[in-house]
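Okay, so here's the structure we're looking at.
Every read-out reported here was derived from the displayed coordinates using simple, explicitly stated rules and does not represent laboratory data. Since we're looking at a predicted model, the values are computed, not measured. Glycine also receives a Cβ, built like all others from the backbone with ideal geometry; neighbour counts cover every protein chain displayed.
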Amino acid sequence: MTATSATAPPGGATAPEARPIRSRARSEWKGLAFVAPFLVVFVLVFIAPVAYSIYLSLFREQLIGGNAFVGFENYLALFADPQFWEGFGRVSLFLVVQVPIMLALALVAALAIDSARLHASGFFRIVIFLPYAVPAVVAVLMWGFIYGDNFGLAANINDWLGSVVVTPFAREWILVSIGNIVTWEFVGYNMLIFYSALRVIPTDLYEAAELDGAGPMRVVTGIKLPALRGAIVIATIFSIIGSFQLFNEPNILRTLAPNIITTYFTPNMYAYNLSFAGQQYNASATVAIVMGVITAVIAYVVQLRGSRKEER
Amino acid sequence: MSTVERMTPDVAGAAGDNAAATRAAVLPAGVPRRRRRRTSALQPRKSVAFTIMMSIFVIYSLVPLVWLVINATKTQSGLFSSFGLWFDDEFVLFQNIWETLTYRDGIFVRWLGNTLLYVVLGAGGATLLATLAGYGLAKFRFAGRRAVFAVVLGAIAVPGTALAVPTFLMFSQLGLTNTPWAIIVPSLISPFGLYLIWVYAVDSVPTEILEAARMDGAGEFRTFFTISIRLLTPGIVTVLLFTVVATWNNYFLPLIMLSDPTWYPLTVGLNQWSAQASGVGAQPIYNLVITGSLLTIIPIVVAFLGLQRFWQSGLSAGSVKQ
């Protein structure tokens, strides 16, 4: 149960502790029978691909001798590969800028909806969450058209201003344009994580705060934000994973801005193009493993820092 | 280690992150609801400033969708000649829909059918497996139960399609790529679905009922399918909703698994149309891309809004009963 805190749901609900059935010998195999179908597929689509990727990353297809064990050579080659680092730097920049903005917006929205000072708060909650149900492909196509200088809103604005001011597909703006799409897709989702954590704060705390004469801001800083710490850690970890795995948005935008978005724009696109354009499966698997390890380490550090504060 | 490694490639957190959203969406109701929280003094006045601030959020959320609806009513040339956020003189929504559905011998309808196939088998199967396993973990004790729990919790942090590239590499060895199974089998696992059912089953299926059924001589699976599954329904609907969204919106996995357009789901097909419209020597079918996009999101948005009411009330009812 120690691992629980890592992914404890917002609101700090702890892992369920069953009241198990007593006759153990009898339920031993029956319990397993319920779990077995899940486990079989889980091994096939979660564990086996990872194992296979590790295997691939240690081999290389060679002209002479065919598939040969090369130890860590693929990793060394990757670490010396400027295209990998360029993509890595880009998603790191994206992470540092986009994630705080998105989470801050989500936090403000959640606090506002929870404040009971809104008219029709249920409406706001649903509408802000709605983009999450829109497929990433459609989200990117919509925004891509809106950004476009053919018939998009960007073109309308430029016409109106009489000069080309808004250029979402320019090299210096493309990352901002992608950040906007990702924010649009996920701000409501993060808002819901925060909102759920706010909903489970016991009423007594607010009553006590009121008796102590605490104002609304004091309630936010003294009660709500501390109660949100777990949810913020969770949302941050998911956003870190999402940033490092960035693929859909740039890959779909590529058809609209092929010269700006390269095949190695993000590490994940690099892995994809190594596999599908270059047939370099070993290199592709190596990128996947390296990004997985980096993501896991950072997520782990965030979680450690988050829970350390909690103990204080 | 296995947990660590699993956080591997793919997708901008997109569909995969469903897990957390499910949890987020579900907990407020799953946990006993806070009753009328603010007493008279704690019930603040409605604030116009707050409402205006949040209205900006709402406009931001809706503008692209409004743009999509408006532009689905325009002709190819109307798209270029009229203002993006208002209608053109010609209103050709129904012609656009007809053209979308019949373009290239109705390939769009074929993609819609594929999507439904993947959703029914993938999301349905994922919900079934998660329900059985979550229930088994909650109500039985057996060797390795803790280990399963730890591994599944770790897996929740992984985007659902995170393993797409490794899975592709493995499936191509097995000769499974370019078949529907390449999409359906990886969709069958929803670690968060399992977690949710587990949490839900602990409280909503009383062990006493199971013991009583056992005394009456009912087998465990019979008890599950006749009694427990009914008590678990709100949790199951929630898991189903989010696995449906995940499979309907799945893009990366089918993109890499399928090379034959006749097996494409809507998402990959639409992107192919978009590439076709903007590539070299392009056939300008922007109106089809836009109308197709609209047709793609309508079912999922309707399901989402409609079902959301259902499972929210279902969940609160469930928690009141306890």
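Stretching A:Trp160 away from A:Ile294 to a fully extended chain increases their span by 43.6 nm, per 0.36 nm per residue minus the current alpha-carbon distance.
Shielding by partners for peptide B:295-303, expressed as the average number of C-beta atoms from other protein chains within 10 Å of each residue's C-beta, is 3.
Projecting label points 7 angstrom from Cα along Cα→Cβ for B:Phe80 and A:Leu205 puts them 5.8 nm apart.
Considering Cα pairs under 8 angstrom that are at least six residues apart, work out the relative contact order of chain A and quote it in whole percent. Could the numbers behind the result be given before it?
Working: 314 pairs, mean separation 86.7, N = 312.
Here the relative contact order equals 28 percent.
Per-residue mean of other chain beta-carbon atoms within 10 angstrom of the beta-carbon, peptide B:141-149? Could you put the intermediate results ahead of the total?
Working: counts 10, 11, 4, 4, 5, 2, 0, 5, 5.
That average works out to 5.
May I ask for the net charge around B:Pro64, where only other residues with Cβ less than 15 Å from the Cβ of B:Pro64 are counted and Lys, Arg are +1 while Asp, Glu are -1? Value of the local net charge: -2. Mean sequence separation of contacting Cα pairs (under 8 Å, at least six apart), scaled by the length of the stretch B:102-213, corresponds to a relative contact order of 48 percent.
Return the loop-located GluC sites (Glu not before Pro) in the stretch A:109-208 (DSSP other than H, G, I, E, B) with at most 11 other Cβ atoms within 10 Å of their own Cβ; answer none if there are none. If you can, show how the numbers build up before the last one.
Details: sites: A:Glu172, A:Glu185, A:Glu207; in loops: A:Glu172.
Those satisfying the criteria are A:Glu172.
Please find the FRET efficiency linking A:Asn67 to A:Ala104, where r is the Cβ-Cβ separation and R0 is fixed at 41 Å, and quote it to the nearest 0.05. Provide the component values of the computation, followed by the final result.
Details: r = 49 Å, r/R0 = 1.20.
The formula returns an efficiency of 0.25 here.
Rg ratio for chain A: its Cα radius of gyration over 2.2 N^0.38 Å, N being its residue count, equals 1.23.
Here the calculated FRET efficiency for B:Thr226 and B:Leu174, from their Cβ-Cβ distance with R0 = 56 Å, stands at 0.90, rounded to the nearest 0.05. Packing around the peptides B:133-141, B:66-74, taken as the average count of other Cβ atoms within 10 Å per residue, puts them in this order, highest first: B:133-141, B:66-74. Averaged over the residues of B:127-139, the number of partner chain Cβ atoms lying within 10 Å of the residue Cβ comes to 5.
At full extension, B:Leu117 and B:Ala147 could sit 7.5 nm farther apart than now, given 0.36 nm per residue minus the alpha carbon distance.
With both labels modelled 7 Å from their Cα along Cα-to-Cβ, the B:Glu211 to B:Gln276 distance reads 6.4 nm. For chain A, what are the DSSP H helices with axial Cα length of 20 Å or more and mean Kyte-Doolittle hydropathy of at least -0.5? Result, helices passing both filters: A:24-42, A:82-114, A:174-199, A:225-244, A:281-311. Note on A:Lys30: aspartates and glutamates with a C-alpha under 19 Å away, same-chain residues under 8 apart excluded, are A:Glu17, B:Glu208, B:Glu211, B:Asp216, B:Glu220.
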